[in-house]
Amino acid sequence: MGQTVELEARFCGMRLLTAKGNGVAVFHDGTCRPELVKDFTAAGRCIRREWEKDPLPAGDDAAYMRLAALCEADVPALHKRTG
């Protein structure tokens with residue numbers, strides 16, 4: 001989510017590509033710059049934008065359930081994308 005700057009090759013970029021090469025699904029959402037995530041799979045919905053709509057998650061214990069529900073709602077679509 002929100003990848004707008006180039007990944008540091010040694011730290012993140014190579015690790016993500018290695019994970020992908022080992023069969024791990026690496027997703028990105030629509031808040032990322034396309035040229036930075038071209039090697040990974042589009043997740044579909046922009047989860048970060050949904051989180052940003054939450055009125056005040058900091059200090060709100062119920063936010064854990066709301067934000068978890070946002071992520072869980074994407075699980076079926078992600079399963080379809082990974083085959």
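Bear in mind these aren't lab numbers, they're just calculated from the coordinates by the rules spelled out. Owing to the predicted nature of the structure, the values given are computational and were not obtained by experimental measurement. Note that each Cβ is placed from the backbone with ideal geometry, even for glycine, and that neighbours are counted across all protein chains shown.
For the chain, just the Cα set please: Rg and Dmax, both in angstrom.
Rg and Dmax of the chain, Cα atoms, are 14.4, 39 Å.
Quick check: net charge around Ala19, other residues with Cβ under 15 Å of its Cβ, Lys/Arg +1 and Asp/Glu -1? Please list the in-between numbers first.
Working: positive: Arg10, Arg15, Lys20; negative: Asp39.
Once all neighbours under 15 Å are counted, the net charge is +2.
Could you calculate the FRET efficiency of Met14 with Lys38 from 1/(1 + (r/R0)^6), where r is the beta carbon distance between them and R0 is 25 Å, rounded to 0.05?
Numbers: r = 15 Å, r/R0 = 0.62.
About 0.95, to the nearest 0.05.
Arrange the peptides 64-73, 22-31 so that the one whose residues have, on average, the most other Cβ atoms within 10 Å appears first. Could the numbers behind the result be given before it?
Values: 64-73: 11.6, 22-31: 13.7.
Going by the mean number of other Cβ atoms within 10 Å, highest first, we get 22-31, 64-73.
What is the extension gain from Glu50 to Cys71, computed as 0.36 nm multiplied by their sequence separation minus the C-alpha to C-alpha distance, in nm to one decimal? Could you put the intermediate results ahead of the total?
Numbers: separation 21, 0.36 × 21 = 7.56 nm, distance 0.98 nm.
Length gained between Glu50 and Cys71: 6.6 nm.
Cα axis of helix 63-73 to longest principal axis of the chain: angle in degrees, 0 to 90, nearest 10?
Result, in degrees: 50.
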